[in-house]
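Visitor: Pasting in a structure now, in structure tokens, and then I'll have a few things to ask.
Values quoted throughout were computed directly from the atomic coordinates according to the rules given, and no laboratory measurement underlies them. The model shown is predicted, which means the values in this text are computed figures rather than measured ones. Ideal geometry is used to build each Cβ from the backbone, glycine not excepted, and the neighbour counts take in all protein chains shown.
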Amino acid sequence: MNKDRVEGKVKDAAGRVERQVGEWTGDSKKQVEGAAKQVEGKVQNAWGKTKDAVDDAKSSSKPPKRVPEDPDSEESIKARRS
């Protein structure tokens with residue numbers, strides 16, 4: 001888990017609290033600011049997930065395994081006839 005994911009989760013939670021407080025107090029400005037902070041946090045978290053996925057793909061990239069030749073392929077049949 002990278003820094004972007006952690007910070008994104010924190011912003012999302014803080015925005016959720018701010019939005020909820022705005023709803024309880026009837027402060028529409030706080031509601032909007034909280035919702036915006038939530039969106040910012042979700043985007044940052046998604047960016048962090050993407051970066052993690054790329055890092056995982058890079059670290060686990062292995063050369064492809066050799067696929068065994070199909071015994072019924074034309075090339076195999078020709079090779080056996082020779």
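Visitor: Quickly work out the ALA13-to-SER60 label distance, labels modelled 7 Å from Cα along the C-beta direction, and quote it in nm with one decimal.
Guide: Label at SER60, label at ALA13, 2.7 nm between them.
Visitor: Given the pairs LYS3/LYS30; LYS29/LYS49; LYS9/LYS30; LYS3/LYS29; LYS29/LYS51; LYS9/LYS29, which are separated by over 25 angstrom at their Cα positions? Can you show the working numbers first?
Guide: On the way: LYS3/LYS30 27 Å; LYS29/LYS49 30 Å; LYS9/LYS30 19 Å; LYS3/LYS29 29 Å; LYS29/LYS51 33 Å; LYS9/LYS29 22 Å.
Cα-Cα > 25 Å for LYS3/LYS30; LYS29/LYS49; LYS3/LYS29; LYS29/LYS51; rest within.
Visitor: Then there is this: Please list 37-43, 1-7 highest first by mean number of surrounding beta-carbon atoms within 10 Å per residue. Could the numbers behind the result be given before it?
Guide: Details: 37-43: 16.7, 1-7: 13.7.
Packing proxy ranking, top to bottom: 37-43, 1-7.
Visitor: What share of all Cα pairs of the range 3-59, in percent, falls into each consecutive 10 Å distance bin?
Guide: Result, from short to long distances: 30, 36, 21, 10, 3 percent.
Visitor: Along the Cα→Cβ direction, 7 angstrom out, place labels at ASN2 and LYS78. What is the inter-label distance in nm?
Guide: 4.8 nm
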